[in-house]
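To start, the structure itself, in structure tokens.
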Amino acid sequence: NPVLWNDPQILSRCSTNLLDGLTISVNQLENRQGSESQRVAAFIEAVKDWKSLRFIEFINCAPDSKILQQLDKHPELIVLRISEIDFDVRRLADHKLLHQLLGIKLLGAVNIGKLFESSSPPDRISHLYLESCELRPDDLDAIKNCKSLKFIELRRCKIHKQNLLALKELKLFTIRIVKCRNITPEVMATIKT
């Protein structure tokens, strides 16, 4: 919405319990001069008093450390989506936010395993969606550290087939693999057994 984009403070006038989600999208076709991070920060500042913010999505932009510190102050936030190519998930590792999330969706992110390698890996995430991510050989091994995980969707990810066996060690209800390279029916059969 162009009006909101030009004046994010409009959101601060909403009742603190009116809305439970926010999607912030930056138009890729516009001339991006670095000012979008300031605008995204302005949106997060505008919703700082929202008590029902359970879902936040960033499209073609990513939260920096200042924004993540603001999000740490939202204990009700349980779903995070970030759709930004080459977003380094290590930015999330030391934030309180990571330990309250139930679901996380990352599109085009890198260093996925680093989320789960920390000294205190997230202990509540039950749903993990990864799209267009290149998973390194040790990433799926690191994901095993998340004992609360019940559902994984890997979509258009580059996966090393031997690493899928790491997922067998998790007590998952569902593993959904969609249009991933290197995955044949034979490989899928080894996961099911």
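The values are calculated or read from the model by the stated rules, or taken from the named source; none is laboratory data. Note that the structure is a prediction, hence the values are computed from the model and not measured. Heads up, the Cβs are rebuilt from the backbone with ideal geometry, glycines too, and the neighbour counts pull from every protein chain shown. Protein only, heavy atoms only, side chains kept; ligands, DNA and RNA dropped before computing areas. Shrake-Rupley method; radii C 1.70, N 1.55, O 1.52, S 1.80 Å.
Below is a table of values for the structure above.
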{"quantity": "Computed log₁₀ I(q)/I(0) - Debye formula, equal Cα scatterers, no solvent, the stretch 91-193, q 0.22, 0.24 Å⁻¹", "calculated": "-1.23, -1.49"}
{"quantity": "Gained length - residue 163 relative to residue 85, 0.36 nm times residue gap less alpha-carbon distance", "calculated": "25.8 nm"}
{"quantity": "Estimated FRET transfer efficiency (residue 155, residue 27; beta-carbon r; R0 25 Å; 0.05)", "calculated": "0.60"}
{"quantity": "Convex hull volume per residue in cubic angstrom - Cα atoms of the chain", "calculated": "117"}
{"quantity": "For the stretch 42-52, Karplus couplings with θ = phi - 60° (6.51, -1.76, 1.60), whole Hz, Gly/Pro x", "calculated": "5, 5, 5, 5, 5, 9, 4, 9, 5, 9, 10"}
{"quantity": "From the C-alpha gyration tensor of the stretch 74-114, square roots of 5λ in Å", "calculated": "18, 12, 7"}
{"quantity": "With every protein chain in place, the chain: carbon and sulfur % of accessible area (1.4 Å)", "calculated": "49"}
{"quantity": "At R0 = 45 Å, FRET efficiency that the Cβ-Cβ distance of residue 174 and residue 19 yields, to 0.05", "calculated": "0.95"}
{"quantity": "Accessible area expressed per residue, the stretch 67-193, with surrounding protein chains retained (probe 1.4 Å, Å²)", "calculated": "49"}
{"quantity": "Size of charge dipole - the stretch 92-193 - debye, nearest 20, with Cβ of Lys, Arg +1 and Asp, Glu -1, no other charges", "calculated": "340"}
{"quantity": "Charge dipole (debye, nearest 20) of the chain; +1 at Cβ of Lys and Arg, -1 at Cβ of Asp and Glu", "calculated": "600"}
{"quantity": "Surface accessible to a 1.4 Å probe, residue 144 within the full protein complex, Å²", "calculated": "40"}
{"quantity": "Dipole axis of the chain (+1 Lys, Arg; -1 Asp, Glu on Cβ), positive-most option in 25, 164, 15", "calculated": "164"}
{"quantity": "Per-residue HN-Hα couplings for the stretch 163-175 [Karplus 6.51, -1.76, 1.60; θ = phi - 60°; Hz; x = Gly/Pro]", "calculated": "7, 5, 4, 4, 5, 5, 6, 7, 8, 8, 7, 9, 10"}
